[in-house]
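Read the structure below first, then the notes.
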Amino acid sequence: MKLDSYWLDTAPRFSQLAQGDLPARADVVVVGGGFTGLSAALELAKRGVSVIVLEAGRLAAQASGRNGGHCNTGVAQDYASLSARIGGERAAEFYRAYAGAVETVRAIIGEEGIDCDLRDSGKIKLAAKPQHFASLAKSYDVIRREVDADVELVPRERIRDEIASDGFFGGLVQRNGMQMHMGKFGVGLAEAAARRGARIFEDSPVTGLKPLGGNVFEVQSARGAMRADRVLIATGASLTGPLQWFRRRIAPVGSFIVATEPLGKAKLDALLPTRRSYVTTRHIGNYFRATPDERLLFGGRARFAMSNPRSDEKSGRILQAGIAQYFPQLADVRIDYCWGGLVDMTADRLPRAGQHEGLFYSMGYSGHGVQMSVHMGRVMADVMFGAAARNPWRTLEWPAIPGHFGRAWFLPLVGAYYRLQDVLH
C-alpha cells in the first residue's frame, strides 16, 4: 500500500517551472500553487498581467491533488436547511455559483486542451438511514422549486440501479457534475498558465508580507524579496507562512482516501452501474468514485486527525473496512494507495473570498473545492482589478473560530460530537 496520492503518483510532473531569481516586481503575486492560484494565474496572464506564482512545495500537491476527484453542483450543506436559514434567494445564488463553477472547469479544460480523463457523471447523495431519505426528499422539493429542475429522487426500491449495495435507503441525483484526473488537471492548468506567460516557482514558501501602502506589498520568500502591486492568498488550510489571520478562521480537517487495485470494467460496472460521484449522508460519511484505470477510490473523515504517514495508514485500514461494509464482494480487495490531506473548513461550510488589509484571498471551500477553487481563481482575477461584485461570497462575514489560533487542537472533540450525531440521527 503506497502512502501517496493516486492522483499525484499517476500524473506527469509540470515541465515549465520558472528558474533563477525572482523579478524585482510583478503586477500580481499569487501565494499558493493549487487550483485557485493556478486558475487565477492563467486568467491574469491571458490579460497580459505580469504574474508570479509562489508555491511552498509541489504544484497542486495539497488539497488540489489529494481530494476525492468530484466536481459537482451543490453546496456543502443540506439545501433545504440552508434555504430556511438564509432565505431562498440567497441560497439559490450560492447553488448557482457552484453550478457555474462546474461550467468554468469544463470551459477551461476545453479552451486549453487539458488532457485529464474528463467524464460527465453527475452526483448521487446516498441516504444512510431512512430518516436521511426523508431529508433528501425535502431538499429535492426545495431544489426543484427554487433553483434546479434537473434533479431526481431515487427511492430505496430503485437504488440498485445506481449502486450494488444494500447499505442505502435511496438517494438524490444532481446531474450537473463531472469527474477528471486531479493530477493531470493540475499539471494541465499550470502548463496553460505558463504558456500564457505566468512564471511559476515550486519550493518557494513565502516568509513575509510587508505592506507598502494600498494593495502593494513586499513579498519575502525563500527565493528572496520582490514588490507586488497586488497579492492573492490562495493557500487553503496551509500551515506555512505569515497567514495567522486566515488560520484563525479555518479548521484544517483531515480527510483520508484509499484506492483499490484495478477491478476491471465488468466488476466496476456491476458495482457502480451509473459511474457517478457518490457521497453518503452521515456526518462522518464517505465519498467514492471509479478512477480512469478502473479502481474504486473511497474516502472520508475516517479519523479526526491531521494527515501524516502513521495517521494515513490507520485511516486507510478504517476505510478498507468501510468498503467491505458497503460492498461485501470487495472484502478481500487489495488497497494500492492510501493518503490524507487537509480540508479548509469554515464554521458554516461556505467559502470566503475578498480582501483583508490589502491582501486579496479566496479559500475555505470546505470539501467542495475542486470546482469552486478553479472558478474563484478566475473570479479573483476580476476582483483584484475592481470587479468586486463578481465575488458571490462578498457579503459573508468571517469571524475567527473561538479558541482557534491556527492549530486544530479541538479535532478529537469535533469527531466525538459528529459520531454522537450519527448515532442519534
If one compares the long axis through the Cα atoms of helix 182-195 with the longest principal axis of the Cα atoms of the chain, the angle in degrees, nearest 10, works out at 20
In debye to the nearest 20, the charge dipole size for the stretch 250-336, taken about the Cα centre with +1 at each Lys and Arg Cβ and -1 at each Asp and Glu Cβ, equals 280
Checked against a 29 Å limit on the C-alpha separation, the offending pairs among 184/210; 123/184; 46/123; 125/314 are 184/210; 46/123
In debye to the nearest 20, the charge dipole size for the chain, taken about the Cα centre with +1 at each Lys and Arg Cβ and -1 at each Asp and Glu Cβ, equals 620
Most fluctuating of 42, 17, 54 in the GNM of the chain (C-alpha, under 10 Å) is 17
Taking R0 as 60 Å and r as the Cβ-Cβ distance between residue 356 and residue 334, the FRET efficiency 1/(1 + (r/R0)^6), rounded to the nearest 0.05, comes to 0.80
In debye to the nearest 20, the charge dipole size for the stretch 162-262, taken about the Cα centre with +1 at each Lys and Arg Cβ and -1 at each Asp and Glu Cβ, equals 620
In degrees rounded to 10, the 0-90 angle between helix 130-146 Cα long axis and the longest Cα principal axis of the chain is 50
Ranked output for segments 216-227, 367-378 by mean other Cβ atoms within 10 Å, highest leading, reads 367-378, 216-227
Per the helix-only model, the chain has a calculated mean residue ellipticity at 222 nm (DSSP H runs of ≥4, -39500 (n - 2.57) each, divided over all residues, rounded to the nearest 500) of -10000 deg cm²/dmol
In the stretch 6-414 the DSSP beta bridges are antiparallel at a rate, in percent to nearest 5, of 75
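Read the figures in this text as sums done on the coordinates, not as results from a lab. Please read these numbers as outputs of a predicted model, since none were measured by experiment. All Cβ positions, glycine included, derive from the backbone under ideal geometry; neighbour counts span all protein chains shown.
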